[in-house]
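Just below is one structure, and these are the notes that go with it.
Read-outs: derived from the displayed coordinates by stated rules, not from any lab. The model shown is predicted, which means the values in this text are computed figures rather than measured ones.
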Amino acid sequence: MNTEPVTEHDARLIRGVFHSLEEHYGWFDWWPTSDPYQIMMGAILVQNTNWKNAEKALDNLGKTIAPQQVADMELATLAQAIRSSGYYNQKALKLKAMTQWFADYNYDIQAVRAKDTEVLRKQLLAVKGIGGETADAILVYAIGKASFVIDAYARRIFERNGLVVPKSYEKFHDLMEAVIPPNTKTYGYYHGLLVEHGQQFCHLKPKCEQCPLVAQCKGAFITY
DNA sequence: ATCCAGGCTGAGG
DNA sequence: CCTCAGCATGGA
C-alpha cells in the first residue's frame, strides 16, 4: 500500500462518515455466503449487476460445487449456467481464470491464507477479469485479509459528503487504508455499510430526503 | 420502454 | 497518465 500524505480534514471526514453509518446501522455480518470458493465466484458474478442476479447464477451452479468441477466444465455450459448474472460469456472466462489461480494452491484455502496480503493482491489483479474491487472483496471476505474494498457507492457517498475523491481505484483504496487501520473485520463491515447505505439512499438519483446522513451530506443533490 | 445494478478489459487519446 | 465502448440479464 502506498503511503501518500492524508490531510487531517480528509481523515476526519472519512472517519466521521463511518462513525455515522455505524451508529445508524449497527453491526452486521455482510457477505451472504461463507464458503470461500462461493465468495470468490460471487465476487465475479456480481460485477456490475445486482446480487439477486448473481445469486441465481450461484444457485444454478450449486452451493456445493467444487472448483475442480468448474475447471472441468465446458465453457459454453458454464456460461449458460450463469446466464442470469449478465455478461455471461465474459464471466465464464473470468470464473475459469480465477479457478485456475486457485488451482495453483491445490484449491487449499489455508495455503492461500499463508501468503502475504500484498502478494495475493498482485496475483489476483493479474488474473483476467479480476480488478481492484473484486480482488479486495476476495481478499477480505474469502481469504480473510485486510484490504479496503472500493465501489461505486463508496465514491458517491464520499463525494456527496464533500470529499475530493481520488479518481483512480488504487489511490482511493490507499487513502482509505491510510485513514482506517487495517483490520479484516472492520474492512468487511465498512464495505457492507457503504453498500447497504448506498442501496437505500445513494443511487444515481439520490434519495436524500430520508437519508440519515443528509445533515452532513453537503453534496446531497449531486447526481453522479 | 428506458434505466440501472456491489466492474473489467483493451484500444485510443 | 486518462477516457470510453463493449459486455448482457433482470427488476423497477
Here the averaged projected area of region A:94-173, based on the convex hull of its alpha-carbon atoms and given in nm², is 5.4 nm²
Calc'd 3J(HN,Hα), region A:71-81, phi into Karplus 6.51 cos²θ - 1.76 cosθ + 1.60 (θ = phi - 60°), Hz, glycine/Pro = x, comes to 4, 7, 6, 4, 4, 5, 5, 4, 4, 5, 5
For chain A, one quarter of the surface area of the C-alpha convex hull, expressed in nm², comes to 12.0 nm²
Of the convex hull drawn through the C-alpha atoms of region A:41-174, the volume per residue in Å³ is 108 Å³
Nearest 10, in degrees from 0 to 90: the angle of helix A:36-45 to the longest Cα principal axis of chain A is 70 degrees
In whole Hz, the Karplus estimates of ³J(HN,Hα) for region A:109-118 (6.51, -1.76, 1.60; θ = phi - 60°; x where Gly or Pro) are 5, 5, 5, 5, 5, 6, 7, 6, 3, 5
Between the Cα axis of helix A:51-61 and the main Cα principal axis of chain A, the angle (0 to 90°, nearest 10) is 10 degrees
Going residue by residue through region A:124-130, the Karplus relation 6.51 cos²θ - 1.76 cosθ + 1.60 with θ = phi - 60° gives ³J(HN,Hα) values, rounded to whole Hz and with x marking Gly or Pro, of 5, 5, 7, 7, 5, x, 10
Expected max-MSF residue from A:Ser147, A:Ser85, A:Ser34 in the GNM of chain A (alpha carbon, under 10 Å) is A:Ser34
Non-local residues with an amide H under 5 Å from the amide H of A:Ala146, with H modelled 1.01 Å from N and Pro and chain starts lacking one, are A:Thr184
Highest GNM mean-square fluctuation among A:Ala66, A:Ala79, A:Ala135, for chain A with Cα springs under 10 Å, belongs to A:Ala66
Only helices counted: for chain A, with every DSSP H run of 4 or more residues adding -39500 (n - 2.57) and the sum spread over all residues, [θ] at 222 nm is -17000 deg cm²/dmol
Restricting to aspartates and glutamates and to Cα separations under 20 Å from A:Lys94, and discarding same-chain partners fewer than 8 apart, the set is A:Asp35, A:Glu55, A:Asp59, A:Asp72, A:Glu74, A:Asp104, A:Asp108, A:Glu133, A:Asp136, A:Asp151
Chain A, Gaussian network, Cα under 10 Å: of A:Arg12, A:Arg160, A:Arg113, the residue fluctuating most is A:Arg12
Taking Cα atoms, the helix A:88-103 axis meets the longest principal axis of chain A at an angle in degrees (rounded to 10) of 80 degrees
